Amino acid sequence: TINRELNTARAVFNFGEQEERIIRNPIARGSVQLLPSRGPRQGFFEPEEWRAFLAAFDDYEGFKAHLQRRREEMPSRFVGEKDMGSGRRNPESEASREQFDRLQEAGAFIRAMLFSCARVMELARMRWRDVDFRRGLATLFQEKTQAEKVIPISAPWRVDLIARPRGLPDAYVYVRSTGKPFYEEEVRRAVMLAVSIAAIRKHLTPHSIRHTALSWLAIAGAPEAHRKDFAGHSRKSVADGYAHLTRGSLVPVVALLARIEAEGFREEESAQEDVRAEV
């Protein structure tokens, strides 16, 4: 992040120099050494981890056990000689139950992130007018590319969408019981909590879900062009634009993703496949 901010500052000063607003760029090339970077996070859920992760959204006993562990890990606070406890939430309290209910509400939204290969706010802003059950298509607007992405609705995602209370065309598809849409920070907290309950790798994040969809497809041998269209990557050349795939060609892609979620990888699908992807 620091490296990116420094490069942005240099670009601004370069523009100012070109426009003759300043005499020279005060950050000369090579004058500041960039910090070492391991590049973007490449973590993704293995199918077994994904199933344990999804189960955590309905695991009330596991949630209470998680809260209890946190209470026991924290030292007690003392006021004078009185033991005030750790200050952590009581697993049996009403507030804890309300927290779990909020976690449970987020489960369907987070699973839909896999089938849509969407970033958090792209899915959060999807409205009922963007869901076409007749043609089996969903439309998401991508802020990053400033373009719409149209993808087939997989069978499991369709089941969830049909079960959701329908709203007016402008209503958000995924909302809480309060009627309010999801927002990025609460989804991040829900993912972190479910990861802890499921006792899987701690570094998995909401963005790992998008990377999971693309990685599973790469491991299973889905063509790169299909993966790019499913991800909604912007075309890098005019030639790429002419190679645009039909929506129907992505139907097997979403079906493959649903099959991996349900069954895992098959023997012929090598986990050694290079799954690095721009996400």
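Residue-wise test of (1) in contact with a His (Cβ under 8 Å, 6 or more places away or on another chain); (2) over 20 Å from VAL187 (Cβ atoms); (3) at pLDDT 80 or above; (4) not in a loop (DSSP other than H, G, I, E, B).
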{"residue": "GLY39", "(1), (2), (3), (4)": "no, yes, no, no"}
{"residue": "PHE63", "(1), (2), (3), (4)": "no, no, yes, yes"}
{"residue": "GLY85", "(1), (2), (3), (4)": "no, yes, no, no"}
{"residue": "ARG97", "(1), (2), (3), (4)": "no, yes, yes, yes"}
{"residue": "ALA112", "(1), (2), (3), (4)": "no, no, yes, yes"}
{"residue": "PHE115", "(1), (2), (3), (4)": "no, no, yes, yes"}
{"residue": "ALA118", "(1), (2), (3), (4)": "no, no, yes, no"}
Quiz item: Can you name every residue in the range 87-134 that is of a type in the set (Gly, Ala, Ser), open to solvent by 10 Å² or more (accessible area, probe 1.4 Å) and without any contact (Cβ under 8 Å) to a residue 40 or more places away in the chain?
Solution: GLY87, SER93, ALA95
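For the range 137-148, what are the residues that are part of a strand (DSSP E or B) and without any contact (Cβ under 8 Å) to a residue 60 or more places away in the chain?
ALA138, THR139, PHE141, GLU148
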Practice problem: Name the single residue, out of those in the range 250-279 being within 17 Å of TRP50 (Cβ to Cβ) and open to solvent by 80 Å² or more (accessible area, probe 1.4 Å), that is modelled with the highest pLDDT. | Solution: GLU263
Quiz prompt | Residue in the range 50-72 that is nearest to ALA112 (Cα to Cα), counting only those that are open to solvent by 50 Å² or more (accessible area, probe 1.4 Å) and touching a Pro at 6+ places or on another chain (Cβ under 8 Å) | solution = GLN68
Quiz item: So which of TYR183, TYR174 ends up being in contact with a strand residue (DSSP E or B) (Cβ under 9 Å, 6 or more places away or on another chain) and either crowded, with 21+ Cβ neighbours inside 10 Å or within 15 Å of PHE109 (Cβ to Cβ) (or both)?
Solution: TYR174
Practice problem: Could you please tell me which pairs satisfy a Cβ distance under 8 Å, a separation of 6+ or placement on different chains, a first residue in the range 149-169 that is more than 22 Å from ILE260 (Cα to Cα), and a second residue that is assigned to a loop (DSSP other than H, G, I, E, B) and of a type outside the set (A, V, I, L, M, F, W, C)? | Solution: LYS149/GLY232; ARG164/TYR174
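Residue by residue through the range 226-249, note down the ones that are at pLDDT below 90 and either in a loop (DSSP other than H, G, I, E, B) or aliphatic (A, V, I, L, M) (or both). Full working, then the answer.
Step one: filter the range 226-249 for residues at pLDDT below 90, giving 233-249.
Once the filter is applied, which keeps residues that are at pLDDT below 90 and either in a loop (DSSP other than H, G, I, E, B) or aliphatic (A, V, I, L, M) (or both), the range 226-249 yields HIS233, SER234, ARG235, LYS236, SER237, VAL238, ALA239, ALA243, HIS244, LEU245, THR246.
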Quiz item: Going by the conditions given, is ALA199 modelled with pLDDT under 90 and either within 20 Å of the chain's Cα centre (by Cα) or open to solvent by less than 20 Å² (accessible area, probe 1.4 Å) (or both)?
Solution: no
Quiz prompt | Pairs, first without any contact (Cβ under 8 Å) to a residue 12 or more places away in the chain in the range 196-211, second in a helix (DSSP H, G or I) and of a type in the set (Gly, Ala, Ser), C-beta under 8 Å, six or more apart | solution = LYS202/SER196
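The values are calculated or read from the model by the stated rules, or taken from the named source; none is laboratory data. Note that this is a predicted model, so its numbers are computed, not measured. Don't worry about glycine lacking a Cβ; one is built from the backbone with ideal geometry, like all the others, and counts go over all protein chains shown. Accessible surface areas use protein heavy atoms only, side chains included; no ligands, DNA or RNA. Shrake-Rupley method; radii C 1.70, N 1.55, O 1.52, S 1.80 Å.
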